[in-house]
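Below you'll find the structure, written out as structure tokens, and then a few comments.
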Amino acid sequence: IMYGCNNFCTYCIVPYVRGRERSRNQHDIVNEINNMVGQGVKEVTLLGQNVNSYGKDLDSDIDFSDLLVMLENIEGLERIRFMTSHPRDFSDKLISTLSGSKKVCEHIHLPVQSGSSTILKHMNRGYDREDYLRLVHKIKGSIPAVSLTTDIIIGFPGENEKDFLDTMDLVRQVKFDGGFVFVYNKRSGTPAAKMSQQVPDEIKSKRIQELIAMQNEFTLESNEREVGKVHEVLVEGKSKSRDDRLSGRTRSNKLVMFDGDEDLTGKLVAVKITDFGLTHLGGELVFLSKDH
Ligand code: SF4
């Protein structure tokens, strides 16, 4: 739904290679999705480097929430996802739109990148740890079923032990349902590549292992909480890792594997969760949903 980015995080090359934010016309997006739904599509993912700032560059007075409301009205469209969200631009209006929506799935990928306000400032993220925690509190308060995932960079230049512990503490407070943790790598042409105080590889490696171990515990806890619940799953086909099973995703974006006929591919079904692991849930087909 949009291209480019205006944010200039100091570690990122995107604004230099993809240029400034350009939003697609809302009517073109609605028409495209209408056509897709006519061909049987049930779920769409709205993509942009920072979807929350959708519309800011358009002449019309439309924002991302307004676009979601327009898409909500497309008959036959069952699920709407979006990524990626920038915490700085996640407005109260958007939270209220999400909490009132039937079609936007209860999953928000909200990259925090660091739990240290000092490092966030050096990253030029435009928020500090308190802003982020306040935002998470508001989102969880308004959308109780929400699943939150994040991205974190370990070993950004200048990251000391206290900064790292702040990140560990933030992850402990939020208890993300899933997280992608990366080691900072220099990107030539970015301001961070020229910063002094680059963190030695062995420290980065120790920190990332600690953080991944803790996040894995929270991911497992989050998956364990699903056991016994019935989830709507959009069937994607045979599982890539177990071709005797089907796989699909819950609205909360968790991968589920279960036994069933391959003809169910593309359909919405109900699956009772019976077991869990770090990367996926296991379940059994309960009944076939409305479109079967
Ligand atoms: Fe933009 Fe994301 Fe890159 Fe920051 S990290 S400059 S928000 S694309």
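The values are calculated or read from the model by the stated rules, or taken from the named source; none is laboratory data. As the structure is a prediction and not an experimental result, all values here were calculated from the model. Backbone-built Cβ (ideal geometry, glycine too); neighbour counts: all protein chains shown. SASA here: full protein model, heavy atoms, side chains in, ligands and nucleic acids out. Shrake-Rupley method; radii C 1.70, N 1.55, O 1.52, S 1.80 Å.
Results for (1) open to solvent by less than 10 Å² (accessible area, probe 1.4 Å); (2) within 30 Å of Met214 (Cα to Cα); (3) of a type outside the set (A, V, I, L, M, F, W, C); (4) in contact (Cβ under 8 Å) with a residue 60 or more places away in the chain, shown as yes or no for each residue.
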position: Arg225; (1), (2), (3), (4): no, yes, yes, no
position: Val230; (1), (2), (3), (4): no, yes, no, no
position: Lys240; (1), (2), (3), (4): no, yes, yes, no
position: Ser252; (1), (2), (3), (4): no, yes, yes, yes
position: Val256; (1), (2), (3), (4): yes, yes, no, no
position: Asp259; (1), (2), (3), (4): no, no, yes, no
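Without any contact (Cβ under 8 Å) to a residue 60 or more places away in the chain and surrounded by fewer than 19 Cβ atoms within 10 Å (Cβ to Cβ): does that describe Val286?
Against the criterion (without any contact (Cβ under 8 Å) to a residue 60 or more places away in the chain and surrounded by fewer than 19 Cβ atoms within 10 Å (Cβ to Cβ)), Val286 qualifies.
Name every residue in the range 18-34 that is closer than 9 Å to Ile1 by Cβ and either aromatic (Phe, Trp, Tyr) or within 16 Å of the ligand (Cβ to nearest atom) (or both), in order of residue number.
Ser23
All but one of (1) crowded, with 16+ Cβ neighbours inside 10 Å; (2) over 17 Å from the mean Cα position of the chain (by Cα) hold for Thr150; which doesn't?
The failed condition is (2).
Among the strands (runs of 3 or more DSSP E) contained in the range 142-253, which hold 1 or more residues that are touching a strand residue (DSSP E or B) at 6+ places or on another chain (Cβ under 7 Å) and at pLDDT below 95?
Output list reads 230-238.
Among the residues of the range 2-16, are any open to solvent by less than 10 Å² (accessible area, probe 1.4 Å), in contact (Cβ under 8 Å) with a residue 40 or more places away in the chain, at negative phi and near the ligand (Cβ under 10 Å from one of its atoms)?
no
Looking at the range 95-127, which of its residues are more than 15 Å from the chain's Cα centre (by Cα) and away from the ligand (no atom under 16 Å from the Cβ)?
Answer for the range 95-127, where residues must be more than 15 Å from the chain's Cα centre (by Cα) and away from the ligand (no atom under 16 Å from the Cβ): Ser96, Thr97, Ser99, Gly100, Ser101, Lys102, Lys103, Gly115, Ser116, Ser117, Thr118.
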